[in-house]
Amino acid sequence: MTVADMNRLEQAARISMGEFEDSEASAPPVAPVPHASLRLAALGLAAVIVAVVFFQLAY
């Protein structure tokens, strides 16, 4: 394989990947994760764990 053949293959790969990346860029953005609800769920879970530990120690 000559250098010219390798250059043509490399350019074809770049063009192909460019089209692939463009199709990904035009995809709709993913909705953001609601961080506040995750924090609230974590806080609720921690409160439940603390309550269970408290009742286990109290009784």
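Nothing in this text is a laboratory measurement; each read-out follows from the coordinates by a stated rule. What you see is a predicted model; the values in this text were computed from it and never measured. Because the Cβ atoms are built from the backbone with ideal geometry, glycine has one as well, and the counts that use them run over all protein chains shown.
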> Taking 0.36 nm per intervening residue step and subtracting the Cα-Cα distance, what contour gain separates residue 12 from residue 45 on full extension?
Replying inline: 6.5 nm
> Which ³J(HN,Hα) values in Hz, rounded to whole numbers, follow from the phi angles of region 48-58 under the Karplus curve 6.51 cos²θ - 1.76 cosθ + 1.60, where θ = phi - 60° and Gly and Pro get x?
Replying inline: 5, 5, 4, 5, 5, 4, 4, 5, 5, 6, 6
> How far is it, in nm, from the label point at residue 38 to the one at residue 5 when both lie 7 Å from their Cα along the line to the Cβ?
Replying inline: 5.0 nm
